[in-house]
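One structure is given here, and the rest of the page talks about it.
The values are calculated or read from the model by the stated rules, or taken from the named source; none is laboratory data. Being a predicted model, the structure only gives us computed values, none of them experimental. When we count neighbours, we look across all protein chains shown, and the Cβ atoms used for this are built from the backbone with ideal geometry, even at glycine. Ligands, DNA and RNA are stripped out before the accessible areas are found, and what is left, the full protein with its side chains, is counted by its heavy atoms. Shrake-Rupley method; radii C 1.70, N 1.55, O 1.52, S 1.80 Å.
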Amino acid sequence: MDNTIPISAKTKIFCLVGHPVSHSFSPLIHNYWFKNLGLDSKYIALDVDPNQLKQATMGLKALKIEGFNVTLPHKENIIRLIDNVDSLSQDIGAVNTIKNEGGKLIGRNTDALGGKQALLDVGYQFNNKNVLVLGAGGAAKALCFALVDTVDKLVIANRTLKRAENLAKELMKKQETNIKVIEMLSPTLKRELDNIDLLINATPIGMFPKIGQSPISKDILHNDLFIFDLVYNPFETQLLKDAVSIGCKVLGGLDMLINQGALAFEWWTNKKPNKNGIKKKIIEIFGMK
Ligand code: NAP
């Protein structure tokens, strides 16, 4: 039976603001949860040019939109256009979720906590762990800030060393953790990997359409590694295939995507969404593992 609530004058609207947005899973995810919980709400995707972000944000505020997500390329620029952000988002310098609280737009970064929650959901224990992050861009930064106060050692490996050094400096201002920076080259990675428990790919290597590529050579992986690939298209990347074939435990980016959405949804609605239900639905629709 179709239990969709028809749109009426009472329907609450949520949205995604990005450029482009047509590939986004967010409308599918949030509308699934609204329907699943019988909420009279709808989620749409809005393509906003970078030079129109200010007008769009003021428009959403004037329209009393309850909440919205922000994606590339607006995650950093939105900060100066909203009324307040939490301290984690301030540190990361980016927000992806906004709630209208009594006319004030408040920002959070649910990518950071969504990534951490995805690992917690599969029972990952962070204590006494050494973590290596591949990449030093937006996603790497979010994950590093989410994990820096929980893990023993953080190694950041990036193609551009300077970018990793800058990220390490920012992290050290926050937490006096053991942080090391290396170049993303096989011999350097190999030396480091022996002492690593959790390997996180925060580069786009392996993402559609270049699905045969992996950011790290299979022959330097070892089976004590837990490997978390943030790439979610495809759901099972070449890195994850390689890792599974040598006996590693793995997690794909779809779990992070769902968790960042779940944290936003819960903040907006005070309701817990069904994370397993939407994961099954996405896999069913897109017909992949
Ligand atoms: P970004 O800010 O552009 O950063 C990309 C990072 O990857 C940089 O460190 C860059 O190194 C490195 N990189 C890119 N191409 C490379 C190559 N060919 N060889 C070596 N290094 C390369 O991107 P992002 O927003 O962090 O996104 C990274 C990935 O995470 C994307 O695949 C994205 O889809 C995924 N992601 C997933 C989720 C989720 O919910 N699952 C959320 C956010 C992002 P340089 O500094 O040298 O350029």
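Annotations for the structure displayed:
- Percent accessible area from carbon and sulfur atoms, the chain, protein chains only, probe 1.4 Å: 51
- Gained length - W267 relative to D86, 0.36 nm times residue gap less alpha-carbon distance: 63.8 nm
- Taking the square roots of 5 times each eigenvalue of the Cα gyration tensor of the range 1-143, largest first, gives ellipsoid semi-axes of 27, 21, 14 Å.
- Whole-Hz ³J(HN,Hα) from phi, Karplus 6.51 cos²θ - 1.76 cosθ + 1.60, for the range 60-69, glycine and proline x: 5, 5, 4, 7, 6, 4, 5, x, 8, 9
- Seen through its C-alpha gyration tensor, with square-root eigenvalues sorted a ≥ b ≥ c, the range 124-193 comes out oblate because a/c lies at 1.5 or above while a/b is not bigger than b/c.
- Taking K249, K64, K173 as the candidate residues, the one with maximal mean-square fluctuation in a Gaussian network model of the chain, Cα springs under 10 Å, is K173.
- Amide H contacts of F14 (H built 1.01 Å from N, under 5 Å, at least 5 apart or other chain): K42, Y43, I44
- Remark on V181: its backbone amide H falls under 5 Å from those of I156, a criterion applied only to residues 5 or more positions apart or on other chains, H modelled at 1.01 Å from N.
- S22 paired with K104, simple spin-label distance in nm, labels 7 Å along Cα-to-beta-carbon: 3.9
- Working from the Cα coordinates of the chain, the gyration tensor eigenvalues give, after taking √(5λ), semi-axes of 33, 22, 16 Å in decreasing order.
- Three-way shape label, the range 165-271, alpha-carbon gyration tensor, a/c 1.5: oblate
- Potential lengthening between I283 and N128 on full extension [0.36 nm per residue; Cα-Cα distance subtracted]: 52.4 nm
- Accessible surface computed residue by residue for the range 87-209, with neighbouring protein chains in place and a 1.4 Å probe, gives 45 Å² per residue.
- Cleavage-rule hits, GluC sites (Glu not before Pro), the range 95-199, DSSP coil, Cβ neighbours within 10 Å at most 13: E176
- Most simply put, the chain has about 20% antiparallel DSSP beta bridges, counting only bridges with both residues inside it.
- Label point at Q213 placed 7 Å out along Cα→Cβ; residues across the range 181-196 whose backbone nitrogen lies under 16 Å: 184-186
- Computed from point charges on the beta carbon alone (+1 for Lys and Arg, -1 for Asp and Glu), the dipole magnitude for the chain about its Cα centre is near 480 Debye.
- Scanning residues 5 or more positions from F226 or on other chains, those with amide H under 5 Å from its amide H are L198, L199, with H placed 1.01 Å from N in the peptide plane.
- Across the range 258-274, computed HN-Hα scalar couplings (Karplus, 6.51 cos²θ - 1.76 cosθ + 1.60, θ = phi - 60°) run 5, 5, 5, x, 5, 5, 5, 4, 5, 5, 6, 10, 6, 10, 8, x, 7 Hz from first to last residue, x flagging Gly and Pro.
- 3J(HN,Hα) from dihedral phi, the range 180-197, Karplus parametrisation 6.51/-1.76/1.60, rounded to Hz, x for glycine, proline: 10, 10, 9, 7, 7, 10, 3, x, 5, 5, 4, 4, 6, 4, 3, 9, 9, 9
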